[in-house]
There are 4 protein chains.
Amino acid sequence: MIIVLAKGASDDEKRNIIKRIEGLGLAVHISEGKERTIIGAIGDESILIEKPINSMPGVESVMPILKPYKLVSRDFQSEDTIINIDGIEIGGKKIQCIAGPCSVESEEGLLETAKAVNTTGTVFLRGGAFKPRTSPYSFQGLGEQGLKFLKEAKDATGMKIVTELMDPRDLDVIYKYADVIQIGARNMQNFRLLKDVGGIDKPILLKRGLSATIKELLMSAEYIASEGNRRIMLCERGIRTFETETRNTLDVTAIAVIKKLSHLPVIVDPSHAVGRWDLVAAASKAAVAAGADGLIIEVHNDPQNALCDGSQSLKPEKYIALYEELKKVAAAVGRSL
Amino acid sequence: MIIVLAKGASDDEKRNIIKRIEGLGLAVHISEGKERTIIGAIGDESILIEKPINSMPGVESVMPILKPYKLVSRDFQSEDTIINIDGIEIGGKKIQCIAGPCSVESEEGLLETAKAVNTTGTVFLRGGAFKPRTSPYSFQGLGEQGLKFLKEAKDATGMKIVTELMDPRDLDVIYKYADVIQIGARNMQNFRLLKDVGGIDKPILLKRGLSATIKELLMSAEYIASEGNRRIMLCERGIRTFETETRNTLDVTAIAVIKKLSHLPVIVDPSHAVGRWDLVAAASKAAVAAGADGLIIEVHNDPQNALCDGSQSLKPEKYIALYEELKKVAAAVGRSL
Amino acid sequence: MIIVLAKGASDDEKRNIIKRIEGLGLAVHISEGKERTIIGAIGDESILIEKPINSMPGVESVMPILKPYKLVSRDFQSEDTIINIDGIEIGGKKIQCIAGPCSVESEEGLLETAKAVNTTGTVFLRGGAFKPRTSPYSFQGLGEQGLKFLKEAKDATGMKIVTELMDPRDLDVIYKYADVIQIGARNMQNFRLLKDVGGIDKPILLKRGLSATIKELLMSAEYIASEGNRRIMLCERGIRTFETETRNTLDVTAIAVIKKLSHLPVIVDPSHAVGRWDLVAAASKAAVAAGADGLIIEVHNDPQNALCDGSQSLKPEKYIALYEELKKVAAAVGRSL
Amino acid sequence: MIIVLAKGASDDEKRNIIKRIEGLGLAVHISEGKERTIIGAIGDESILIEKPINSMPGVESVMPILKPYKLVSRDFQSEDTIINIDGIEIGGKKIQCIAGPCSVESEEGLLETAKAVNTTGTVFLRGGAFKPRTSPYSFQGLGEQGLKFLKEAKDATGMKIVTELMDPRDLDVIYKYADVIQIGARNMQNFRLLKDVGGIDKPILLKRGLSATIKELLMSAEYIASEGNRRIMLCERGIRTFETETRNTLDVTAIAVIKKLSHLPVIVDPSHAVGRWDLVAAASKAAVAAGADGLIIEVHNDPQNALCDGSQSLKPEKYIALYEELKKVAAAVGRSL
């Protein structure tokens, strides 16, 4: 950690700061510049990071040197993490698509959607049984019944199930049915829930919070990893900005940034990023071109009657057409779909 | 709800839209303008709000007329909600301060801080026993031991306890000790938790999410209210912007906006808004001048050794001095402290 | 325009509002809903848009129906605008690249860069002679000497010149040398300058402001178009968000949004969007995949010694390699490069 | 400047970086930590700041130590700047109000407004003759005729004139009439215009850009100061966020931040910050409580017929009432009005 002293910091203040750092077990290294004195604290920075050195008298600013995450960083593991789910790889050359309705609503509807998307070769089926809804008066999901419908669709198609965990009390039942457990954007910093899924042996799809920085997303992944579960996919799903034409703003370059900072695979959710079905294709192509390892796309057999997010859901035939287009973009960047 | 038809929408499209609205049990009212045809849907808008009318062919845009929250709105209750906690009122003429450390760390430290802030007449003591921390390697709170220390400080001073609930599994133990239960910014949209605290009989302090809109904050309050608990305080604690000099940006006019839209009292957290102790006074004065019903301020007997948020914590003597200054500002706007 | 009356608006208030609208020459159309009365104003909305109807007693909210821009909208012109510059088309099937240094610094350096990028088939050369710099102590550009160097590079390669106009006093000299005149992000709402370039007969590259909405960008284009100049390219160059890993956040779906709202071609500036050369490739591919009509990329023969934006500049060889990759992505989305 | 080397940076890379820094005339100071090597560059940091050291091989990150502005910083001048305008002080104990219409529209209207606000003791009259408008079809101001009306109001009341300069071609005529020249938010980074007003002998009111950081505002002030004009007031007028209930979000703590970083007086524009007349009072009180040196408030004799910003304009009687309330808040924080 670098501590920049204020112009005119007194010798006493300087001594106090040095004493404080040394008292925490770190060594100091002083550099007297022309305009500022700088103190380098040498040793375990994590001890210092919690301390309010920046509010000590005589301190102008404090700059951490190390990243606050470890297990999920490229420094810790230089090769890409490839998550293997019953022989299907996420994070390898092949881009994986996860498709299906926002929420599970009916047995037939889900089955119809699953069969349709599966014709493309899509092997991951999404569908929410427990739904985080902004309004208490909105449809909140079918609960375990929804999971059972997902199981039936899985039995019928062989697809893997991706579904969201909202509350620790649902972990057991979700665990029973899910192949990948999703942590939603609103729970990205539900730290107790992160620890819970860090303790299990299923892969986690962790969504970036509505206005989370990439660093915070990686810190949340670190929570999961620190409990033992290293099979984590990070999901960019748009961030909140002042622009109102789209629901959120897809941070497409976050894919490349994350891949520089971390070894974990990156999935993009174009549907939530844009919030309009007619922009999903453009967002999906951009994500594939920018290096995404996967896409999670909302598809509904009857969007006009969807109980949730109908506006941003593709009809199966549109999804199938998009899939063909994405194959070309994937090939253009040396990947396959 | 107002549905604006696209320029050149066909008669078929128009008929379909009308059929759809009428099929949902609402009446339609058509207005042919010079450049656009507008359809008004008359009846229960909440039925429509969930439907993706905006993605129907021929629709250019859809505009809801009503606010999506009810119980917490001024329309529903025109007079201010005043929350009475053992005779102490929040939302009345007197502004209430809530002071104390970010996290409970030790019996003596907490007691010292509590006694000091209590000398001003401050009757609410804050302190976290379960702490949401960005890093899994940071101090996570003392758990129930922290609650016991709060209880001791309460016994010694008569202060009321305000403490955060992070996880439904802690509700019973928190309920036992807390006078006011705080829902933190990161849990503002933890909808299941909101329902949980909606079902109990203790007042709730609901913090605005990091990038939540005022409408979303009110929707989250609606979740609590819809379960029966109407004793809700809303807390503005700064929103995330691109400005980096402060931890967040205090949205000081949100106080007045909320008071127009809702009858609930508004508390401001200047400490988290600015993230630096040397700006807490300015933020606190601004909040009082703008109409806040209360402040929640971090005070620590030894900020340099705080395990959490030391940089933004006031020393007790600074808090006491600030309290005197705030009295004057409160008086200037017809309130008392 | 739709005027929603407040719950409990009095008959007098209602009469006043109607009188006001009719007094401005519009007709009214009243719709009494269950919870709100709605007044539709029928006629020329642009008359109303300037009036503070929303602050009249009894008004809850006001919703414009029409878009505030006309000439640049798809409503006005449904087919794409294709800008022809001496036989080279922008906005057609072929994606055009604009490459070159941030600022013109030396005759040899510029020539070397121009020749290198031209080997790919790139026919637009960028380079700033007048530079908007955040610090008054930074290099401010070579002025007309820079334009002369651009002219020499043009003579040597046949490339077209794209250069920025910052101030009306430079219009004459810029006009003499430029094939495309750039209006920078910081001048997107320099309305007088927009009018100036609206009065000339050269194509304009208009950059989106640092935190401008798409609507505002289109309104600025309308300023230019309203003076007669319809040869306008819109440029997405990243918007400001709270994320700090990149200089700005590339709003990649803005490309598709703009193409729905407007007939004008869209150029993307990946260099300014990300601010780091090692992310330019990912951003460029995403932009092409999402439908951009062109890219404007910073290339410098010696980035380490660039006087401006060296960190985000590609070396010529990197640009040449990227160009080959972009060809594949363009082909994958049915375009060419 | 601090240069953090990447983990595993080679000796060659290290040598190159050192050579580069020394080649620019600075000394290096190396600190080998446990996890990272850090190079301190000692000497004139401004030489380095322009160089893309951060993109050199082996560099992980670069941290400037010094602030990029000088003349406007507290380091440069520790005592507050007090601007004296014919005996009236801005930046002293007395808070100055600047009141008047958004745009000058008529002789009588302006005079009526001026006389009304002047009754409170307000001695600065605002009014735009050249107006930056989002739409080319909106009223663009009366031009010099507007300035003449301002002059008449000045003659009648003795008030000082504050008016906006949008374009360098208007500088001479504005100079003739204005006592304070305003640079609007959209021109905060119109660097040529900043230099222009840096070369004159009238005080400047510099507004913060729509999404400008405080550092950028100070850099723009530095542009003015570096040309010789040190009589600069900085104006916080709300920043753009995702919140839509208000036009912008008033960054009220920016007042205190700026006062720590700079010696210049800070004016707040509550009218543009909130965009609604019914929130102007709350915003104004907050600003005064937080330490503002002045307020610039839109007042119009007939807001319903204002040609510009009528929704956010106070009627004269509301302004007069607010002024009385503000006096109390000012007194509460040791100031006067």
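The values are calculated or read from the model by the stated rules, or taken from the named source; none is laboratory data. The shown structure was predicted, so the numbers you read here are calculated from the model rather than taken from an experiment. Here the Cβ positions follow ideal geometry from the backbone for every residue, glycine too, while neighbour counts run over all protein chains shown.
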Please find, among C:G275, C:G310, the residue that is within 14 Å of chain D (Cβ to nearest Cβ) and at pLDDT below 95. C:G310
Out of everything in segment C:1-11 that is more than 11 Å from C:I30 (Cα to Cα) and either free of Cβ contacts under 8 Å to residues at least 40 places away in the same chain or within 11 Å of chain B (Cβ to nearest Cβ) (or both), what residue ends up being surrounded by the most Cβ atoms within 10 Å (Cβ to Cβ)? C:M1
Quick check on segment D:318-337: of everything there that is of a type outside the set (G, A, S) and more than 13 Å from D:I297 (Cα to Cα), which residue is surrounded by the fewest Cβ atoms within 10 Å (Cβ to Cβ)? D:E324
Which of the residues belonging to segment D:27-55 are of a type in the set (V, I, T) and under 15 Å from A:V4 (Cβ atoms)? D:I38, D:I42
Might you check whether a residue that is under 20 Å from B:L295 (Cβ atoms) and either not assigned by TED's automatic domain parsing to the domain that holds B:V173 or not basic (K, R) (or both) occurs anywhere in segment B:46-67? no
Flag if D:E245 is surrounded by fewer than 24 Cβ atoms within 10 Å (Cβ to Cβ), of a type in the set (D, E) and facing another protein chain (nearest Cβ under 7 Å): yes
Check C:L142, C:L206, C:L150 and return the single one that is more than 13 Å from chain D (Cβ to nearest Cβ) and under 28 Å from D:L71 (Cα atoms). C:L142
Would you confirm whether or not segment D:31-44 contains a residue that is in a strand (DSSP E or B), hydroxyl-bearing (S, T, Y) and not assigned by TED's automatic domain parsing to the domain that holds D:H263? yes
In segment B:155-196, which residues are basic (K, R) and touching an Asp or Glu at 6+ places or on another chain (Cβ under 8 Å)? B:K160, B:R192, B:K195
Residue match in segment B:111-125 (condition: buried (at least 24 other Cβ atoms within 10 Å of the Cβ), closer than 24 Å to B:I85 by Cβ and out of contact with any strand residue (DSSP E or B) (no Cβ under 7 Å at 6 or more places or on another chain)): no
Of all residues in segment A:139-170, how many are among the small types (G, A, S) and either under 23 Å from the mean Cα position of the chain (by Cα) or part of a loop (DSSP other than H, G, I, E, B) (or both)? 3
Please verify whether segment C:122-131 includes one or more residues that are in contact (Cβ under 8 Å) with a residue 12 or more places away in the chain, aromatic (F, W, Y) and farther than 23 Å from D:K51 by Cα. yes
Taking B:L111, is it hydrophobic (A, V, I, L, M, F, W, C), modelled with pLDDT of 95 or more, under 33 Å from the mean Cα position of the chain (by Cα) and not assigned by TED's automatic domain parsing to the domain that holds B:V180? no
What number goes with the only condition from (1) within 28 Å of B:A221 (Cβ to Cβ); (2) more than 12 Å from chain A (Cβ to nearest Cβ); (3) not in a helix (DSSP H, G or I) that B:E298 does not pass? (2)
Going through segment C:153-172 one residue at a time, which ones are more than 15 Å from C:G100 (Cα to Cα) and more than 14 Å from chain D (Cβ to nearest Cβ)? C:D155
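Results for (1) surrounded by 15 or more Cβ atoms within 10 Å (Cβ to Cβ); (2) without any contact (Cβ under 8 Å) to a residue 40 or more places away in the chain, shown as yes or no for each residue.
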{"residue": "C:G40", "(1), (2)": "yes, yes"}
{"residue": "C:I47", "(1), (2)": "no, yes"}
{"residue": "C:E50", "(1), (2)": "yes, yes"}
{"residue": "C:E60", "(1), (2)": "yes, no"}
If you check every pair at least six apart or on different chains, which have Cβ atoms under 6 Å apart with a residue in segment D:313-337 that is within 9 Å of chain B (Cβ to nearest Cβ) first and a residue that is surrounded by fewer than 20 Cβ atoms within 10 Å (Cβ to Cβ) and in a helix (DSSP H, G or I) second? D:A332/B:K328
I'm trying to understand the selection: among the residues of segment A:12-40, which are of a type in the set (D, E, K, R) and facing another protein chain (nearest Cβ under 10 Å)? A:R20, A:E32, A:K34, A:E35, A:R36
How many residues does segment C:32-64 hold that are out of contact with any Leu (no Cβ under 8 Å at 6 or more places or on another chain), closer than 19 Å to B:D75 by Cβ and not hydrophobic (A, V, I, L, M, F, W, C)? 6
With the first residue restricted to segment B:255-274 and required to be within 10 Å of B:E236 (Cβ to Cβ), and the second required to be of a type in the set (G, A, S) and assigned to a strand (DSSP E or B), Cβ contacts under 6 Å at 6 or more apart or on different chains are B:I267/B:G294
Would you say C:A281 is closer than 21 Å to C:A116 by Cα, within 13 Å of chain A (Cβ to nearest Cβ) and assigned to a helix (DSSP H, G or I)? yes
Within segment D:41-65, considering residues that are polar (S, T, N, Q) and out of contact with any helix residue (DSSP H, G or I) (no Cβ under 6 Å at 6 or more places or on another chain), the one farthest from the other protein chains (Cβ to nearest Cβ): D:S61
Does segment C:103-114 contain any residue that is touching a Ser or Thr at 6+ places or on another chain (Cβ under 6 Å), touching a residue at least 12 places away in the same chain (Cβ under 8 Å) and under 21 Å from C:T163 (Cβ atoms)? yes
Just to check your reading of the model, which residue among D:S55, D:S10, D:S31 is closer than 27 Å to C:S138 by Cα and either out of contact with any His (no Cβ under 7 Å at 6 or more places or on another chain) or polar (S, T, N, Q) (or both)? D:S55
Subset of segment B:64-105 (residues that are of a type in the set (D, E), over 30 Å from B:S313 (Cα atoms) and touching a Lys or Arg at 6+ places or on another chain (Cβ under 9 Å)): B:D75, B:D80
Do you know which residues across segment D:113-135 are within 14 Å of another protein chain (Cβ to nearest Cβ) and part of a loop (DSSP other than H, G, I, E, B)? D:A129, D:F130, D:K131, D:P132, D:R133, D:T134, D:S135
